[in-house]
Structures are given as structure tokens and as C-alpha cells.
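The values are calculated or read from the model by the stated rules, or taken from the named source; none is laboratory data. Please read all numbers here as calculations on a predicted model, not as lab measurements. Here the Cβ positions follow ideal geometry from the backbone for every residue, glycine too, while neighbour counts run over all protein chains shown. Accessible surface areas use protein heavy atoms only, side chains included; no ligands, DNA or RNA. Shrake-Rupley method; radii C 1.70, N 1.55, O 1.52, S 1.80 Å.
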Amino acid sequence: GFLGPNGAGKSTMMKIITGYIPQTSGLVEVNGLDVSMDSLEIRRQIGYLPEHNPLYLEMYVKEYLGHVASIYELGKSKARRIAEMIDLTGLGTEQNKKIAALSKGYRQRVGIAQALIHDPKVLILDEPTSALGVRQTANVLSTIDKVRKQGIAVVFITHNVRHAMAVADRFTVLNRGKTLGTAQRGQITPEELQDLMAGGQELVEL
């Protein structure tokens, strides 16, 4: 769980980790590969679902996933991988619908399937439950839980403590580009995590 208020730097950090923007210092590696080096091999290590994920609304779900799979040159395994992602994300009843006809919750599932289509080792989700209703949020969190149980490392960016507590094993709080602390599940309560997000010691001093 990667938490912090609006403007904390969460999305910027994820864009650095995924190689979308360069870091000012340091090195980011996944399995020994420098993510700043743009190559298909490196892109396959990381799946990224941005907060505002552009989707081709006039495409059908299965068609769209096929389009994404082609980018990663999956070859003969393309059809099998699409079927696996549809099953994992619960899109079976929606796969032959246009994306424009889907609810926000199902569109997020399409985004998760898109981010996982190339079998990455790390999945980064930027505010995937933002602006969703209670039922839609529960379905997305359930999908995230299934993904992490498959052994994929998930970085779940959110400003919602309850959502993070539902699926995360470890929590890091960011504020204005600086880490305020990291805690394992069981080491911190939702209330303590919320206080840390709200400003921690700075708020106490104020």
C-alpha cells in the first residue's frame, strides 16, 4: 500500500519507477534491469495502470485486450493469455461488450487485465478504486487480492486507508515527496495510518 494525500508525490514516484519520467538521482531496477533503459524486456517486467487510463471505448473488451497483447508480441500464447486475464478479472460476461457500455468498475477490471496481459513481475495500480461505488470497489479489491495471491508484487497507490488495509501486507506513507514511514500489517492500526497520512508529527506540532 503506497499512501498519501493529494500532492504527496505518489503518482510521480510511480512514473519514475515505471520509467515514464527520469529520476533526479538513484537507480530503479526490477530483477537487475534498469527501468530507465527502454526495451521490451524491461517493459514486460512491470504492469502499470494509471489513475486516468485511456481506453478505446468503441472497441470490444476481448478485441481491446488482443490489441494490447499484440504490442507485447505474445505470439502463439496471445489467445491463451487473453482468456486467462478475462477469467482472472471476472470479465467473462462482459468480454463481448463494447468498453463504452461497461460500468466504471468493469472498466477498471479491463485496465487491470491490460496491465497484466504481458505477465509482469510487478503490478502498479494508481488509485484504482477512486470514484467507484461500494460494490464496484469491493470487486476491484477482490481482483487485486487474486493477483497478489498469484505471486505478483502489487503496488497499490491510494489515499483511502480502508482500501489499502483490505489488500496490502505493507504500508508506506509519502508526503511532499518524502517517506514518512513504512509498517507491516499488524504493526499499525487504520487510525494510526490515517494520522500519519494527515501529517503525522507535523500535525501534532501544529
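Distance check, please: which entries in Lys104/Lys149; Lys15/Lys62; Lys97/Lys178; Lys76/Lys97 exceed 32 angstrom between their Cα atoms? Listed pairs above 32 Å: Lys97/Lys178.
Normalising the average separation of contacting C-alpha pairs (under 8 angstrom, six or more residues apart) by the number of residues puts the relative contact order of the stretch 148-196 at 28 percent.
The angle between the Cα long axis of helix 61-71 and the main principal axis of the chain comes to about 80°, on a 0 to 90 degree scale.
Each DSSP beta bridge with both residues in the stretch 93-206 is either parallel or antiparallel, and the antiparallel ones are about 55%. Segment Glu192..Met165, full-extension length gain: 8.5 nm, with 0.36 nm per residue of separation and the alpha-carbon distance subtracted. Scalar couplings 3J(HN,Hα) for the stretch 93-98, obtained by applying the Karplus form with A = 6.51, B = -1.76, C = 1.60 to θ = phi - 60°, are 7, 10, 5, 9, 9, 6 Hz; x denotes Gly and Pro. Charge dipole (Cα centre; +1 on Lys/Arg Cβ, -1 on Asp/Glu Cβ; no other charges) of the chain amounts to roughly 680 debye.
Over the stretch 106-206, with a single point scatterer placed on each C-alpha, what log10 of the ratio I(q)/I(0) does the Debye formula yield at q = 0.11, 0.22 1/Å? Result of the Debye calculation: -0.37, -1.21. Normalising the average separation of contacting C-alpha pairs (under 8 angstrom, six or more residues apart) by the number of residues puts the relative contact order of the stretch 1-117 at 24 percent. With all protein chains present, calculate the accessible area of Arg162 using a 1.4 Å probe and round the result to the nearest 10 Å². Arg162 has an accessible surface of roughly 150 Å² with all protein chains in place.
Between the C-alpha center of the stretch 31-88 and that of the stretch 137-200 there is a gap of 25 Å. Ranked by solvent-accessible area (1.4 Å probe, protein heavy atoms only, all chains present), the residues His118, His52, His163, His67 order from largest to smallest as His52, His67, His163, His118.
Using the average count of surrounding beta-carbon atoms within 10 Å as a protection proxy, the listed peptides 25-37, 6-18 rank, highest first, as 6-18, 25-37.
The share of Cα pairs per 5 Å bin across the stretch 1-76, counted from zero up to the longest distance, runs 3, 12, 19, 19, 19, 14, 10, 3, 1 percent. Estimated from the Cβ-Cβ distance and a Förster radius of 35 angstrom, the FRET efficiency linking Glu29 and Lys76 is about 0.70. Take every DSSP beta bridge whose two residues both sit in the chain; close to 40 percent of them are antiparallel.
The mean of 1/r over all pairs of different alpha-carbon atoms in the stretch 51-114, once inverted, gives a Kirkwood hydrodynamic radius of 11.6 Å. For the chain, the convex hull drawn through the C-alpha positions has a volume of 129 cubic angstrom per residue. Counting only alpha carbon atoms, the long axis of helix 104-116 and the longest principal axis of the chain meet at about 80°.
Rounded to the nearest 500, what is the chain's calculated 222 nm mean residue ellipticity when only DSSP H runs of at least 4 contribute -39500 (n - 2.57) each, over all residues? Here the helix-only value at 222 nm equals -11500 deg cm²/dmol.
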